[in-house]
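Data first, discussion second: the structure below is written as structure tokens.
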Amino acid sequence: MIELKNEHHANTAEVSTDQTRRDFLNKFGKLAVITPVAMSVLMTPRTSAAPKSCRGNGTKKCN
Amino acid sequence: MPITKFPLKTSHLSLYLEESKGIVYHKISHNLYHLPTLSIAILFSIDEGQNQQSIINSIAKEYQLSKQLLEPIYHQINTLFSSPKQQGTYLAGRYPEFEASPKQVKLINHIQVAYFQVADTIFSIDTKDEDLFIAIQALLSPCRCSSIKVDFVISIAISDDNYQIFSNGLLVETDLSFNHVMPLIIDRLQILSFQKSDYTFCFHGAALGTPRGTLLLPGKSGSGKSTLSAVLAGVDGGLFSDEIIAFNKNFELCLLSLPIAVKSGSWKSLDIQYPNLKHMPTWHRLDGRRLKYVWPNDKQANKTISKNDNAKFLLINPKFVTQPSNAQEAQPQAVAKPLDVIDTIAMLTDSGYQLGFELTESGFEAFLNFIEKTPCYQLSYSSSQQALDKLDELWLLQ
């Protein structure tokens, strides 16, 4: 199951959230230097389409 | 790795973390994004309310990165915090013939017409070309039905050796040669059938029911999934589909009983298991690849297997590797590399996907939970036997 962090108590959530941010940066900060891509789109209406095997051949494309 | 949902101050964004990577769901655009570590660090800072200069300065100093590198990354991440309207809808991907009724369609040939069922969808196919009609009837004979309540009327017209395909009266393919028609017909039957079902998530890949559980083989075209599914279907279980993995909201698979498309590179390796393959006609995809169709030996009746029936799932992204000519360099056995949740989702979407609903936060979280519970691997192999042996090991780990 997806773990939910600090859902219920505002004050403790704020402190814990800040700590979680710091923990994340401390733990993975070194990895930041080797990630050139800002973000990639996984799902969007524009790319959602019936999956097909046909790749087209330049002059004749798949529909 | 467990997925952690991280509460952000920005209400229209949801962040899910897995070790050093993250996924952001944008509640207004319904888009899903994959963020690496640096981008997550910037996201946190923007969410906290820090300004651009402060963020770039502190990250540049902390991680000794240039501001020139950070600025474009900052601007990209910052776009997530705006509230653009949703551009397009996930439901727009349905084929156009859903908007056309089959009832008013006049058949091209009232004599050479046959009816077929795939999942819960009924098709009629008619054409004046006798050779084509014979070939269609022969290949799709396991799908024959007698129902006259047709969902889609597929008519194939021919003029001067050029073929056209109509679906519910709409021209959907044109300027085809004889050899192109069958693959396009099979594809269309497949796609219309799953699009008509109550699917939520659909991915490009094969799905098989085996005695040990349900095997999912997502991947791009040419990765080896159809060949591997042909081998497995003959050995170990029944095929849901060799092209389409379509889940409903309960993550039950849609059964799409159609023949397997085997590309020419695999004909020789399958000729023992499918001795009739050599006699099957050769068809061509539009990109020039040649293929033949075979039915798996065990054709399941139309049904779905419910995950609630305690069916185990195993997800394998196949990666066929051609053996080098030097035997010493040959890979002795298949290699299974575990995939974490975010890498699995990236692979699934990159291989081809379609959603049957507007992606909601709860819908995405249900999908995330499913992937989290499903063992996922990338399997590199050089022969079907290597793949089968490794699959045996992986099933035993579950």
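The values are calculated or read from the model by the stated rules, or taken from the named source; none is laboratory data. As the structure is a prediction and not an experimental result, all values here were calculated from the model. No Cβ is skipped: glycine too gets one built from the backbone with ideal geometry, and neighbour counts run over all protein chains shown.
Of everything in region A:29-46 that is at the interface with another protein chain (Cβ under 7 Å from one of its Cβ atoms) and within 19 Å of B:SER58 (Cα to Cα), the residue that is modelled with the highest pLDDT is A:ALA38.
Within region B:267-297, being in contact (Cβ under 8 Å) with a residue 60 or more places away in the chain, more than 14 Å from every other protein chain (Cβ to nearest Cβ) and outside any loop (DSSP other than H, G, I, E, B) holds for B:SER269, B:VAL294. Put simply, of B:LYS85, B:LYS103 the only residue that is of a type in the set (Lys, Arg) and under 30 Å from B:ASN51 (Cα atoms) is B:LYS85.
Quick test for you: out of B:SER141, B:SER159, B:SER193, pick the one residue that is among the small types (Gly, Ala, Ser) and farther than 30 Å from B:ALA311 by Cβ.
Details: B:SER141 fails: farther than 30 Å from B:ALA311 by Cβ; B:SER193 fails: farther than 30 Å from B:ALA311 by Cβ.
So the residue among B:SER141, B:SER159, B:SER193 that is among the small types (Gly, Ala, Ser) and farther than 30 Å from B:ALA311 by Cβ is B:SER159.
Note on region B:251-266: among residues that are in a helix (DSSP H, G or I) and either among the hydroxyl-bearing types (Ser, Thr, Tyr) or within 16 Å of the chain's Cα centre (by Cα) (or both), the one that is surrounded by the most Cβ atoms within 10 Å (Cβ to Cβ) is B:SER266. With respect to the conditions (1) modelled with pLDDT of 95 or more; (2) among the polar types (S, T, N, Q); (3) surrounded by 19 or more Cβ atoms within 10 Å (Cβ to Cβ), B:ASN369 lacks only one, and its number is (3). Taking (1) assigned to a helix (DSSP H, G or I); (2) closer than 29 Å to B:PHE367 by Cα; (3) at the interface with chain A (Cβ under 9 Å from one of its Cβ atoms) in turn, B:PRO2 satisfies each apart from (1).
Just one of the listed residues (B:PRO211, B:PRO218, B:PRO259) is in the same structural domain as B:ASP350 (by TED's automatic domain parsing) and closer than 23 Å to B:SER141 by Cα, and it is B:PRO259.
Across region B:26-48, the qualifying residues are those that are in a loop (DSSP other than H, G, I, E, B) and within 9 Å of another protein chain (Cβ to nearest Cβ), and the one among them that is farthest from B:LEU355 (Cα to Cα) is B:PRO36. Restricting the search to strands (runs of 3 or more DSSP E) fully inside region B:82-191 and requiring at least 3 residues that are surrounded by fewer than 19 Cβ atoms within 10 Å (Cβ to Cβ), more than 14 Å from chain A (Cβ to nearest Cβ) and not aromatic (Phe, Trp, Tyr) gives B:152-159. Annotation note: of B:LYS61, B:LYS85, the sole residue that is free of Cβ contacts under 8 Å to residues at least 12 places away in the same chain and among the charged types (D, E, K, R) is B:LYS61. Is it true that B:SER124 is hydroxyl-bearing (Ser, Thr, Tyr), free of Cβ contacts under 8 Å to residues at least 60 places away in the same chain and in contact with a strand residue (DSSP E or B) (Cβ under 7 Å, 6 or more places away or on another chain)? Taking the combined requirement at face value, the residue satisfies it. Cβ-Cβ contacts under 8 Å between residues 6 or more apart (or on different chains), taken from a first residue in region B:9-25 that is touching a residue at least 12 places away in the same chain (Cβ under 8 Å) and more than 9 Å from chain A (Cβ to nearest Cβ) to a second residue that is assigned to a loop (DSSP other than H, G, I, E, B) and of a type in the set (Ser, Thr, Tyr), are listed as B:HIS12/B:SER83.
Within region B:343-398, can you find the residues that are within 14 Å of another protein chain (Cβ to nearest Cβ), of a type in the set (Ser, Thr, Tyr) and outside any loop (DSSP other than H, G, I, E, B)? Before the answer, list the steps.
Of region B:343-398, the ones within 14 Å of another protein chain (Cβ to nearest Cβ) are B:343-374.
Then keep just the ones that are of a type in the set (Ser, Thr, Tyr); that gives B:344, B:349, B:351, B:353, B:360, B:362, B:374.
Passing the criteria: B:THR344, B:THR349, B:SER351, B:TYR353, B:SER362.
Of all residues in region B:228-250, those satisfying the criterion of being of a type in the set (Val, Ile, Thr) and under 18 Å from the mean Cα position of the chain (by Cα) are B:ILE244, B:ILE245.
Just checking, does region B:49-62 include any residue being small (Gly, Ala, Ser), facing another protein chain (nearest Cβ under 9 Å) and out of contact with any helix residue (DSSP H, G or I) (no Cβ under 8 Å at 6 or more places or on another chain)? Reasoning before the result, please.
Kept after step one, since they are small (Gly, Ala, Ser), are these residues of region B:49-62: B:49, B:54, B:58, B:60.
Now restrict to residues that are facing another protein chain (nearest Cβ under 9 Å): none.
No, region B:49-62 contains no residue that is small (Gly, Ala, Ser), facing another protein chain (nearest Cβ under 9 Å) and out of contact with any helix residue (DSSP H, G or I) (no Cβ under 8 Å at 6 or more places or on another chain).
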